[in-house]
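Structure first, then comments.
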Amino acid sequence: MTAFDACGIAFDSTAMPGRRRVDGERMVDWLDTPCHAYRPSKADHRVPGSPAHEVVEIPMSMLKVKARYDAEPFLRYLDLSYRTEAVAGGMDALVSAARSLVTVTHPSALMPEFAPKGGHGLLSFDLANMTRTLRLLAEAADAAGRDLRFVTLAALGEACRERLERHVPAA
């Protein structure tokens, strides 16, 4: 975060609130991270605090996701390339609770030519699947009485920064 401040990077979106995985493959611990935008503490970038960095952290939207190879659903960030059925169980709760949604999509995970032989238990490698997921998102927003519009992270970041400057919880 210090490097972000030094480079003038205004917004970051790498936090995964509520996610913890510590094993032989990964060491990820965002359990105490809030779901709303914040200025990361200089002592611990995973939480707000003072003194704080200048960068505004806009956490990724997290929902319960069950890949075909998972025994149970667990928190993952909302990726529009995930199979629609994998995110369907957590979409309503996420949309009704979140002030805004931050999604991640890796373009290669929408392209059939990048799909592994035999398919993948989580990623669709299918643009039509993304369309179905967007429809599911729109239906969840409608059911929750929420407006749905798409903006860049920079636009969301500016709105979050303004809220933080007024000391109002952001995103």
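Laboratory data are not the source of any read-out in this text; all were calculated from the coordinates shown. The structure displayed is predicted, hence computed values, not measured ones. FYI the Cβ positions are ideal-geometry reconstructions off the backbone, even for glycines, and counts take in every protein chain you see.
Of all residues being part of a strand (DSSP E or B) and more than 15 Å from the chain's Cα centre (by Cα) in the range 16-28, which is surrounded by the most Cβ atoms within 10 Å (Cβ to Cβ)? Just the residue, please. Of everything passing the filter in the range 16-28, Arg21 is surrounded by the most Cβ atoms within 10 Å (Cβ to Cβ). Among the residues of the range 56-82, those that are in a loop (DSSP other than H, G, I, E, B) and closer than 21 Å to Asp126 by Cα comprise Lys66, Ala67, Arg68, Tyr69, Asp70, Leu78, Leu80, Ser81.
Yes/no matrix, rows are residues, columns are (1) touching a Gly at 6+ places or on another chain (Cβ under 8 Å); (2) hydroxyl-bearing (Ser, Thr, Tyr); (3) within 21 Å of Ser100 (Cβ to Cβ):
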site: Ala10; (1), (2), (3): yes, no, yes
site: Met16; (1), (2), (3): no, no, yes
site: Glu25; (1), (2), (3): no, no, no
site: Asp32; (1), (2), (3): no, no, yes
site: His36; (1), (2), (3): no, no, yes
site: Ser50; (1), (2), (3): no, yes, no
site: Met60; (1), (2), (3): no, no, yes
site: Leu63; (1), (2), (3): yes, no, yes
site: Glu72; (1), (2), (3): no, no, no
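No other residue among Glu57, Glu25 is among the acidic types (Asp, Glu) and either at positive phi or free of Cβ contacts under 8 Å to residues at least 24 places away in the same chain (or both) apart from Glu25.
Among the residues of the range 38-48, just one is over 18 Å from Val102 (Cβ atoms) and outside any loop (DSSP other than H, G, I, E, B), namely Ser41.
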